[in-house]
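Below you'll find the structure, written out as C-alpha cells, and then a few comments.
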Amino acid sequence: MSTRPVNVVMDSVDPLALARFWADLLTVPRDGTRVHAPELTLTFLPEDEPKTVKNRIHLDLASQSAGEQDETVSHALSLGASHADIGQGRTPWVVLRDPQGNEFCVLEPRPEYTATGPVAAIVVDALSPASQAAAWSAITGRRVARVTADFASLEGVGPWLEFVRVGEPKVFRNRVRLAVGGVLSADPEGNEFYGDG
C-alpha cells in the first residue's frame, strides 16, 4: 500500500475566520474554508456549538531553531491565539489555543520534523498508542517509526501521525477529525474519520 496523506477536518462556529487564522499562521494559501499546507489540507466546517472540551486531536507546529519557535509563538498570539494550560507542566514546547479554543503546540526544533513543512505532526489522544498506530498504519500505508508504552508515531508524506497515551476514553464526538477519504468511519477507539468506506 502506498503512503497516503492525512488531512484534518475541524468544526468551527466561524469557519472562514478560523481558516484565515490558520492560513496566516502557517503562511500558506487558503481557498475559502480550506487551507493548503504542504501535504496537508485543513478543512473547516460549520458547527453551531462552540468548543467546550479538550480536543482529542491537535496539530504540532515545527520549528527549525529556538528563534523560529519564538517567532511562531509571537505570530500566533498576534493573530488571536492564547496560551493554554492543559497540564503539560514545564516543557520545551509551547501550548496555545487558536481563537476558537482549539489546542495546538509549537515545538522546539526536532530533527525528525525538518522535512514536514510547517506542521510537524497530527497528534491523537489514545488509550493504546501502539494499537492505534497499527490500525492507522493499515489505513494509510505509513510506517510505524517509534513505539513506547506512552507514544507511537507513523512517518510518511507530510506531517507525522502520532498517538499519545491518555487515561480517558473518547466520550464526545470529535470536533477535529482525520481524513484520508470521503466516507465517515470510526477507528478502533471510536475516533470519527473520513476514509474509503
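Taking amide H positions as placed 1.01 Å from N in the peptide plane, with prolines and chain starts having none, which residues 5 or more places from residue 194, or on another chain, fall under 5 Å of its amide H?
For residue 194, the qualifying residues are 178, 179, 180, 181, 185.
In whole percent, how big is the carbon plus sulfur part of the accessible area of the chain, probe 1.4 Å, protein atoms only?
54 percent
May I ask you to order 117-130, 33-46, 159-172 by the average number of other C-beta atoms within 10 Å around their residues, highest value first?
117-130, 33-46, 159-172
Taking the Cα centre of the chain as origin, sum charge times position over the Cβ atoms of Lys and Arg (+1) and Asp and Glu (-1), and report the length of that vector in debye to the nearest 20. Don't skip to the end; give the middle numbers.
Working: 18 positive and 26 negative charges, 63 e Å.
In total the dipole reaches around 300 debye.
Hey, of [x] 17.9; [y] 16.1; [z] 16.8, which did the structure itself give for Kirkwood radius over Cα pairs in Å when calculated?
[z]
With a probe of 1.4 Å, find how much accessible area region 51-166 has per residue, and write the answer as a whole number in Å².
42 Å²
The values are calculated or read from the model by the stated rules, or taken from the named source; none is laboratory data. Keep in mind it's a predicted model, so treat the numbers as computed, not measured. Glycine also receives a Cβ, built like all others from the backbone with ideal geometry; neighbour counts cover every protein chain displayed. Remember, those area values only see protein heavy atoms, side chains included, never the ligands or the DNA or RNA. Shrake-Rupley method; radii C 1.70, N 1.55, O 1.52, S 1.80 Å.
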